[in-house]
Amino acid sequence: MKIVVASENPVKLRAVEKGFKAFYHEVELESVLAGSGVSDQPLTDRETLIGARNRATEARKKIHDADFWVGIEGGVQSEENGLAAFAWIVIYGAGKKGEARTAAFMLPKKVGHLVAGGLELGTANDLVFNASNSKQKNGAVGLLTHNQIDRTELYRQAVILALIPFINSGLY
């Protein structure tokens, strides 16, 4: 089974591979750069979902011969207690669409302030945590949970949830 992932980020590729392997034995991934059509750092739930949809659509336009196309977009949204981080996963295939959002978690005020000032979350994390390229490693969630949950695991769960319509075909 061929899956096109609209990213070259190794974290996203691992999450998609692990999520699909929970249900499908033979998984072949192909990565492709695909634009989100939204801000580099989406600032709302809606903008983040649109970005994931756009990435999956763009991947499908670039590579036609696949079984599934996956778009992943990380975003933040202002909440009562500060800035929350999360991601949307969108999967197209077999005439269906699956969408799921990761769990959300609150960012430290210092990180939130930098993001509100225009930095991408990964850049803000690198500055606050004195890290390097954390968005292609454990991400904010890994840094904040002391790697009990890393970015791959956070996304893997949402990939599985986005596969629900495909693994329950009689219901969707």
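Overview of values
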read-out	value
Set 78, 31: member being modelled with pLDDT of 95 or more, over 15 Å from the mean Cα position of the chain (by Cα) and over 21 Å from residue 161 (Cβ atoms)	78
Any hit, segment 140-147, residues being under 15 Å from residue 12 (Cβ atoms), free of Cβ contacts under 8 Å to residues at least 12 places away in the same chain, in contact with a helix residue (DSSP H, G or I) (Cβ under 7 Å, 6 or more places away or on another chain) and assigned to a helix (DSSP H, G or I)	yes
Condition check for residue 119: modelled with pLDDT of 90 or more, surrounded by fewer than 16 Cβ atoms within 10 Å (Cβ to Cβ) and touching a Leu at 6+ places or on another chain (Cβ under 8 Å)	no
Some residue of segment 6-21 being surrounded by fewer than 19 Cβ atoms within 10 Å (Cβ to Cβ), of a type in the set (Gly, Ala, Ser) and at pLDDT 95 or above	no
Odd one out for residue 151 among (1) surrounded by fewer than 19 Cβ atoms within 10 Å (Cβ to Cβ); (2) in contact with a Gly (Cβ under 7 Å, 6 or more places away or on another chain)	(1)
Qualifying residue in segment 101-118 (condition: under 14 Å from residue 87 (Cα atoms), out of contact with any strand residue (DSSP E or B) (no Cβ under 7 Å at 6 or more places or on another chain) and of a type in the set (D, E, K, R))	no
Count of residues meeting criterion [out of contact with any helix residue (DSSP H, G or I) (no Cβ under 7 Å at 6 or more places or on another chain) and crowded, with 20+ Cβ neighbours inside 10 Å] in segment 61-85	2
Out of 90, 159, 70, 115, sole residue that is in contact (Cβ under 8 Å) with a residue 60 or more places away in the chain and over 18 Å from residue 42 (Cβ atoms)	159
Residues of segment 27-56 satisfying the condition of being part of a helix (DSSP H, G or I) and either surrounded by fewer than 17 Cβ atoms within 10 Å (Cβ to Cβ) or aromatic (Phe, Trp, Tyr) (or both)	45, 46
Residue in segment 71-129 that is farthest from residue 150 (Cα to Cα), counting only those that are of a type in the set (Phe, Trp, Tyr) and not in a helix (DSSP H, G or I)	92
Test result for residue 96, touching a residue at least 60 places away in the same chain (Cβ under 8 Å), touching a Pro at 6+ places or on another chain (Cβ under 9 Å) and not hydroxyl-bearing (Ser, Thr, Tyr)	yes
Evaluation of residue 124 against (1) closer than 15 Å to residue 75 by Cα; (2) touching a strand residue (DSSP E or B) at 6+ places or on another chain (Cβ under 8 Å); (3) without any contact (Cβ under 8 Å) to a residue 60 or more places away in the chain (one fails), failing number	(2)
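The values are calculated or read from the model by the stated rules, or taken from the named source; none is laboratory data. None of the values given here were measured: they were computed from a predicted structure. Every residue, glycine as well, gets a Cβ built from its backbone with ideal geometry; the counts of neighbours run over all protein chains shown.
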